[in-house]
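Participant: Quick one: this structure, given as structure tokens, is what I'll be asking you about.
The values are calculated or read from the model by the stated rules, or taken from the named source; none is laboratory data. Everything numeric in this text was worked out from a predicted model, so none of it was measured. Note that each Cβ is placed from the backbone with ideal geometry, even for glycine, and that neighbours are counted across all protein chains shown.
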Amino acid sequence: MSHLEVKPNLFHVIVGHLIKEIEMKIKEITEASANVNPGYKASKAEYTLADYGRRLMDISAKMPMGKGVSDAEVDRSNKMSRLGDELTAYGTAFGAKNLNDLIKKTGLSKEEIASMLDLAKKHGPVELKGDDVPDEPEDDEKF
């Protein structure tokens, strides 16, 4: 057996060990994350807050912007978007867990948050149109 024939084998052994170590680490991480909150499902309140968040972002996106719009209206639109975004993540790993967290993350007062939530309740659900509408799932049996 020549020197050249041994090196590839040694290389494959080392790479094989590295791959096994990486696979073990991935397994360790995925098992640990699965045990953090097994079977996690958002509560009804979290779904409702996420819906209100989408409504606020929709209202903000539809507000007229441009020449002649006051700084106060632009600021209100930005606040709606910020609160809407935080509401869609409420209760998640990086989202707010309570009102005080929401106040810290958005920089809004309790009164501003309450006012915008009232606005979202009155607005109604966001309607998806055109490219926003999700495609129908494909039937695997056709293939």
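Participant: Could you tell me whether Leu56 is more than 22 Å from Glu127 (Cα to Cα) and either modelled with pLDDT under 90 or surrounded by 16 or more Cβ atoms within 10 Å (Cβ to Cβ) (or both)?
Facilitator: For Leu56, the condition - more than 22 Å from Glu127 (Cα to Cα) and either modelled with pLDDT under 90 or surrounded by 16 or more Cβ atoms within 10 Å (Cβ to Cβ) (or both) - is not met.
Participant: Which one of these does Ala72 not meet: (1) in a helix (DSSP H, G or I); (2) surrounded by 10 or more Cβ atoms within 10 Å (Cβ to Cβ); (3) at pLDDT 75 or above?
Facilitator: Only one criterion is unmet by Ala72, namely (2).
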